[in-house]
Structure formats: structure tokens, C-alpha cells
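Everything below concerns the one structure shown next.
The values are calculated or read from the model by the stated rules, or taken from the named source; none is laboratory data. Since we're looking at a predicted model, the values are computed, not measured. Here the Cβ positions follow ideal geometry from the backbone for every residue, glycine too, while neighbour counts run over all protein chains shown.
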Amino acid sequence: MINKRLLIKNLLAHNDESSFYDKKRSIDLGTKEGKAKFLKHICALSNSNPKNNSFIVVGVEDETNEIRGVDFFDDSKIQNLINAYLTNAPLIIYENVAFPHLPEDKVVGLVTIRPNGKITSLRKNIWKYWGGSIFLRDGSISMPKDFDIVIEDVNSAIVHAIEKNAKNNIELTLDGVIDFINHRHSDLESNYKVFKELFVVCWAGITKHVKGETYYSRVDIELINEQVRLFYSALDEISIAYNEEEFRITEYVHLGLNNQYKYYPLEEVTITFGDNGSHHIDSKLIFEPPRFNKKTLHHIYNSNNALIEKLKKNIPLIPSEEKDLVHLPATYLICYLNDFTDAMEKLYEAKGLLKQTNGKVYQAFKESVRILRKVKYN
């Protein structure tokens, strides 16, 4: 079992960017340009390493290797994006790896690319890249190749050695459990569960009991053996269920209009632990978008557009508009889910303005975008 924090440290310490490893300050899957660049790197790393894993480390300064971290990224449907745009798509796993020195809401993203031994190419056009394009790594750069290529295996021994040095042990696991419960979440109710005498899952949050059910908010859940954060949210509520073989997380989102809000089930994530020391994570979107009166939504949609125009022109908002601004990302999302097709375009365009306004509004923006991404990928 590989400790992903150790793996990242070994990658950063042992190698500069190469044909099996890339590092990014951040990735942007909210724009066509961002998606296209990400797909290009996936394609190039897969083609350059036909028989071993390749990696992208997200949240690291390119020049200094300083670990700065990025927001928790829980999009389990990223493989759908890869399959939609790449022929002979590799298997992609995106994991959120906790580092002790980072703020609570930051992690390092680890993208693991497992090739299938075949040449990977773009299935269709995206941004400025043409369908059919093939990419390879040339040192630290992903380059297009417009001729027949021969796949060579030159990195297997190096990657095997790096992964071997990142193997977990009992000391690291115990230290991880103690740190999670006694230090990182000493102010919250914390729990742990051992599965198959090998895997340790820790979770912490603020508990609420409703009709015999327990719900958690301000939740952090981590698979300690691999130092991988399975779930993190400062806003949403979840429920947790488990038996001797499975750990299940059901996530809820809080949506509504005019002070009438309701929790809607969004996604169910199940981690299944095997007797052979393996585990499998499966996610299922269970979201049924709420429907609202179209006349009411037209009014809210136009009000949101007017608020954005005021921000653009630096016109001060009155108290009632300040309150509406906090709810603007969520109400734009509701409009989009009720067939206002350009509502999310309006929200994306306002990203910079909302980021400058205050942290609470920008957090609401990120939350709405996260929900939209899950819905669109499904």
C-alpha cells in the first residue's frame, strides 16, 4: 500500500519534471482551454509511459517546488471527461493528499495515470487542438506528434523504485490517526474504523441528530493508510454508514429560494475493502434537481444580472442586495437546473468580481461550480 504523501515527496525530491511526471500550480477544468491543456498532458504522459504509472502533482510552485496546495477536488467523474475526449484513454485517478503544514481547506492533488499500452490520441477537437492529435513528452514539455510513433518503455525501473520507497508502515499509520484526532480536529467529534485489519478510515465533524439519523457538517474524512482525503466540506452535510466491508458517504446540498431551503441528496460514495489488501471507490450521483416556478426564477435571474452589472460599475449595494449577493451563485445554479441555459455562463463570467467581493461569496461560487461539474459529467 502506497502512502501518497510520501510518493509526492519522493517525486518532488528525486526528479524534475520528466516524461513520467509533471507538476502544476493548479489545473482548470471549468474552461475549454483548461480542459484541453489537461487532456494534452494526460495524453502525452500516457503515450510516453506504456508500462508504468505517470503522475501529475497539483498545488506545487514550478520553480521552487514549494507545496502551496489547492482546493479539495472531489470530482469522481473526471474519468468521464477523459473517456469523452481521448481514444484508448488511460485510467485516471485524482486524489486529495493532506499535508500537515497546509491550511485545513487545502490539499495537494495527485493525478495517477495508468496506461493501457496503446497509443492515446484526441478523439475530437477541443480548444486549439485537433481531433486525432497525438502528444508525447519531450523532457518536461508535452509536444504534438504528427507522425507514426514507437512506444518505448524507459521509465519502469525508476517509477517502481519511487513507488517502493513510498510504501506505508505501521508507524506512519499510527502517527496519522493520532495527528488526525488529537491535533488537526481536537475541537470536533472524531472517530475511526479499521477495515479488514489493514485499512483505517478517520472522520471528524459537527454532529446533528434528526429522527434517529446522524448527520455531519464541517466534515473531514481521510483514508489514513494512504494519507488521502476522501471528503472535505466546510458547508454541506453528509451521512455516514459502514459495515465490516464498506464505508458509505451520502452527501447533501442545501438549496432553496426565498428563505425556504431543503437538503437534497447529491452523491453517494462507497469505499469497498477487499480481503486481498485492495480497495475500490465507487460514486453514484443521486441528485434530483429541485423545480421552481418559472416566473419567480425569471425575477431572480434578472435581479442577479443587475447585481453583476452593479459590481462591474463599482456601484455600492444596499443591504438587501448584499444579502442577495451571498445567495447569487446558488440561485444562478438553480436557474441553470431549471433550463436557464446561460445562467452558469453568467456566473463564470462574474468569477473575478465575486472573488474580490468577500470570501463567503467566493466560497458559495466554488460550491455551486462543484455541484454543476458533478451534474454535467453525469
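Any idea which of E95, E63 is touching a Ser or Thr at 6+ places or on another chain (Cβ under 9 Å) and among the acidic types (D, E)?
Only one candidate passes the filter, namely E95.
How many of the residues making up the range 268-319 are more than 23 Å from L255 (Cβ to Cβ), touching a residue at least 24 places away in the same chain (Cβ under 8 Å) and not in a helix (DSSP H, G or I)?
Within the range 268-319, residues that are more than 23 Å from L255 (Cβ to Cβ), touching a residue at least 24 places away in the same chain (Cβ under 8 Å) and not in a helix (DSSP H, G or I) number 9.
Can we say E322 is free of Cβ contacts under 8 Å to residues at least 40 places away in the same chain, farther than 20 Å from Q260 by Cα, assigned to a helix (DSSP H, G or I) and assigned by TED's automatic domain parsing to the domain that holds R373?
The answer is no for E322.
Which of (1) within 22 Å of the chain's Cα centre (by Cα); (2) not in a strand (DSSP E or B) does V219 not meet, given it meets every other one?
(2)
Conditions (1) surrounded by fewer than 18 Cβ atoms within 10 Å (Cβ to Cβ); (2) more than 30 Å from K193 (Cβ to Cβ); (3) not assigned by TED's automatic domain parsing to the domain that holds L81, marked per residue:
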{"position": "A306", "(1), (2), (3)": "yes, yes, yes"}
{"position": "P316", "(1), (2), (3)": "yes, yes, yes"}
{"position": "L328", "(1), (2), (3)": "no, yes, yes"}
{"position": "R373", "(1), (2), (3)": "no, no, yes"}
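Kindly establish whether Y362 is under 22 Å from Y94 (Cβ atoms) and either surrounded by fewer than 19 Cβ atoms within 10 Å (Cβ to Cβ) or of a type outside the set (S, T, Y) (or both).
no
I'm checking my understanding of the structure. Among residues of the range 202-232 that are in contact (Cβ under 8 Å) with a residue 12 or more places away in the chain and farther than 22 Å from D71 by Cβ, which one is surrounded by the most Cβ atoms within 10 Å (Cβ to Cβ)?
N225
Out of curiosity, is N165 in contact with a helix residue (DSSP H, G or I) (Cβ under 6 Å, 6 or more places away or on another chain), closer than 16 Å to N53 by Cβ, surrounded by fewer than 18 Cβ atoms within 10 Å (Cβ to Cβ) and of a type outside the set (D, E)?
Yes.
Considering only the range 355-371, state which residues are closer than 16 Å to D28 by Cβ, of a type outside the set (F, W, Y) and either more than 14 Å from the chain's Cα centre (by Cα) or outside the structural domain of I300 (by TED's automatic domain parsing) (or both).
K355
Inspect all residues belonging to the range 82-104 and state whether any of them is at pLDDT below 90, under 30 Å from A204 (Cβ atoms), in contact with a strand residue (DSSP E or B) (Cβ under 8 Å, 6 or more places away or on another chain) and surrounded by fewer than 17 Cβ atoms within 10 Å (Cβ to Cβ).
Scanning the range 82-104 turns up at least one residue that is at pLDDT below 90, under 30 Å from A204 (Cβ atoms), in contact with a strand residue (DSSP E or B) (Cβ under 8 Å, 6 or more places away or on another chain) and surrounded by fewer than 17 Cβ atoms within 10 Å (Cβ to Cβ).
So Y261 passes all but one of these: (1) under 23 Å from V219 (Cβ atoms); (2) surrounded by 15 or more Cβ atoms within 10 Å (Cβ to Cβ); (3) among the hydroxyl-bearing types (S, T, Y). Which condition number does it fail?
(2)
Report, ordered by the first and then the second residue, all pairs with beta carbons closer than 6 Å, sequence separation of six or more or different chains, a first member in the range 126-154 that is not assigned by TED's automatic domain parsing to the domain that holds K40, and a second member that is modelled with pLDDT under 65.
Nothing qualifies.
Could you check, for the range 5-20, whether at least one of its residues is surrounded by fewer than 17 Cβ atoms within 10 Å (Cβ to Cβ), hydrophobic (A, V, I, L, M, F, W, C) and either in a loop (DSSP other than H, G, I, E, B) or outside the structural domain of G176 (by TED's automatic domain parsing) (or both)?
yes
Identify, from the list G59, G30, the residue that is within 26 Å of D282 (Cα to Cα), under 16 Å from the mean Cα position of the chain (by Cα) and either in the same structural domain as K366 (by TED's automatic domain parsing) or modelled with pLDDT of 95 or more (or both).
G59
Across the range 330-347, what is the number of residues that are part of a helix (DSSP H, G or I) and either without any contact (Cβ under 8 Å) to a residue 40 or more places away in the chain or surrounded by fewer than 15 Cβ atoms within 10 Å (Cβ to Cβ) (or both)?
6
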